[in-house]
Every structure is written in C-alpha cells, then in structure tokens.
Amino acid sequence: MEEPFFGLIVPVDCTKAYSKSKELGVSFFTYYLHKTLVAVNDIECFRYRIIDGHVYIFDRIDASATILRDDKTFGFSLIEYAENLSEFSDITKKEIARIQETTGLITRDFEINLIHFSALPWVNFTSYSHARSFTFPDSCPKISFGKMMDENGIKTMNMAVHVHHALIDGYDVGVFIERFQELMNG
C-alpha cells in the first residue's frame, strides 16, 4: 500500500490516572506516556518493525516524544522505557531538560525501537493525521493525545493511534486501547 498506516481516535477516561499522577507527584504527561509504553511493550505486535522488507521484534520499545521548548519550537526526544514509574519519571525529566538546551527538530540519532508520541493539550481533536514521507520506510506506531476535558468530574482526552497495517490489525489496536485504559484505571 502507498499508505500502509491506518488510525483511529478514541476517548480515554483519565479521571483516576490524573488523580494518581498528582498523588505520586509525577507530571500527568509523564504518567500517561509511561502507561502508553507499558501497553505498547505488553502487546507483541506493537514491538514489530519492518527493516529491509523483513519483520523484526524488539525486546523494548522507547518513545520519541515531541517536546515543546520555551521559545515555542519543538524537538524530537528519545525517552527510554523503564518499567518502574519513578525511574521513568527521572529519565523523562532529564530528556525534557536536554531538549530545552537543543535547537532544531532532530536532536540525536534514533533507532526504530520506538513509538512516535505527541501531546496536543491545547486541542480537543476528533480527527488526526500525521505528516510523513512515503519514501521513508516507517513502521513505528504513532500515538497522540489531545486536550483533557472535564465534564461533571469525569476527565477524558482523545487518543489517536496510527499503526502500520502489515504489522497491526484493528483487533490489536482494540487490545492496546483496552490495556491502556486498564492501566489508566489502575
């Protein structure tokens, strides 16, 4: 397929997760990024990548998150996954600080054992697409979050999940969403 990715948008209940992040003293961004990576690493097909026409499975998937700088430019980070939330929070803080000291979009060399991750906390989107080059051999899942909304004490935000259809089917995305919601409710 010329466009092998498909995507969907789903609302996520983040009421408990938001409270838990505040209780633990962890930024909400770090908290839901961590839960995203836990779910990604739990589901085998989300660890598949295509390299030179062959499918490989990685033991660990990290995140390349888009980080906004104070001057309103942004850079792509590389946030390594750690199962322990406290350790992951430390890694995330250091990488965000590193991005603040860089310029440009590409801030380091990247492997492909990652997901592309972004947060748009200013926009409650109901549709989402990604800019990408069709000549670049990309098979990394792309997961994005919108603005958190609060209605009668229930906090929700929309999550966009875009995946390579040769590696991940709709059923698998459903399993991912279910696992992620379970972690957010945990």
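Values computed for the structure shown
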| read-out | value |
| --- | --- |
| Nitroxide proxy distance, nm - points 7 Å out along Cα→Cβ at Glu151 and Phe110 | 3.3 |
| Spin-label pair Val10/Phe74, simplified geometry with 7 Å Cα→Cβ offset, distance in nm | 2.3 |
| Region 127-186: chymotrypsin sites (Phe, Trp or Tyr not before Pro) falling in loop per DSSP and having at most 13 other Cβ within 10 Å | Phe134 |
| Qualifying trypsin sites (Lys or Arg not before Pro) for region 8-81 [loop in DSSP, other Cβ within 10 Å: at most 11] | Lys72 |
| Loop sites in region 83-186: GluC sites (Glu not before Pro), DSSP, at most 12 other Cβ within 10 Å | Glu83, Glu101, Glu111 |
| Region 100-183 - share of DSSP beta bridges that are antiparallel (%, nearest 5) | 65 |
| Inverse mean reciprocal Cα-Cα distance (Kirkwood Rh) of region 1-99, Å | 15.4 |
| Per residue Cα convex hull volume in Å³ - calculated over the chain | 123 |
| Computed [θ] at 222 nm, helices only, for the chain once each DSSP H run of length n ≥ 4 contributes -39500 (n - 2.57) | -10000 deg cm²/dmol |
| Alpha carbon convex hull of region 18-71, volume per residue in cubic angstrom | 104 |
| Principal axis dimensions, region 64-167 - Cα atoms, whole angstrom, descending | 44, 35, 32 |
| Cβ-Cβ FRET estimate between Lys22 and Phe58, R0 fixed at 41 Å, reported to 0.05 | 0.80 |
| DSSP beta bridge pairing in the chain, given as percent antiparallel to the nearest 5 | 75 |
| Value of relative contact order over region 54-168, rounded to a whole percent, pairs C-alpha under 8 Å and six or more apart | 21 |
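Here, each number is a calculation from the coordinates, and none is a lab measurement. Just so you know, these numbers come straight off a predicted model, no measurement behind them. Heads up, the Cβs are rebuilt from the backbone with ideal geometry, glycines too, and the neighbour counts pull from every protein chain shown.
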